[in-house]
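The values are calculated or read from the model by the stated rules, or taken from the named source; none is laboratory data. What you see is a predicted model, and the numbers here were worked out from it, not measured in a lab. Every residue, glycine among them, receives a Cβ derived from its backbone with ideal geometry; neighbour counts consider all protein chains shown. All accessible areas refer to the heavy atoms of the entire protein, side chains included, with ligands and DNA or RNA removed. Shrake-Rupley method; radii C 1.70, N 1.55, O 1.52, S 1.80 Å.
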Amino acid sequence: MAPHIFVETNWLFAYAAPAHHQVPAAAELLDRARRGEFTVHMPNICLGEARQAILTKCQPGHEANALRRFLTWGLPAGHVT
């Protein structure tokens, strides 16, 4: 009998977010489960929570604005050439 692994929203976010936010270890965990090393369990609420987190944290506009703020600070300070 395979062991059981319980995951939560952070794992789903790490697996399902856009590529530049993904964590390779999250995909490896799912691959191992598919190979039958263990069974993964996730509460249903994680689906809605991860969806909301991806929609709010991974919007291109938000990320572009963060980069703009960094450049606005970094260029005059000489941290970026």
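Under the convention that each Lys and Arg Cβ holds +1 and each Asp and Glu Cβ holds -1, the size of the dipole of the chain around its Cα centre is about 200 debye.
Solvent-accessible area per residue in the chain equals 73 Å², computed with a 1.4 angstrom probe and all protein chains kept. Accessible surface of the chain, 1.4 Å probe: 62 percent of it comes from carbon and sulfur atoms. Computed over the chain, the convex hull of the alpha-carbon atoms projects to a mean area of 7.0 nm². Within the shell of other residues whose beta carbon sits under 15 angstrom from the beta carbon of LEU75, the net charge comes to +2, with Lys and Arg scored +1 and Asp and Glu -1.
Full extension of the chain segment joining ALA19 with PHE38 gains 4.3 nm, where the gain is 0.36 nm per residue of separation less the Cα-Cα distance. Residue farthest toward the positive end of the dipole of the chain, with Cβ of Lys/Arg at +1 and Asp/Glu at -1: which of GLY74, ASN10, ALA50? Looking along the dipole axis, the top candidate is GLY74.
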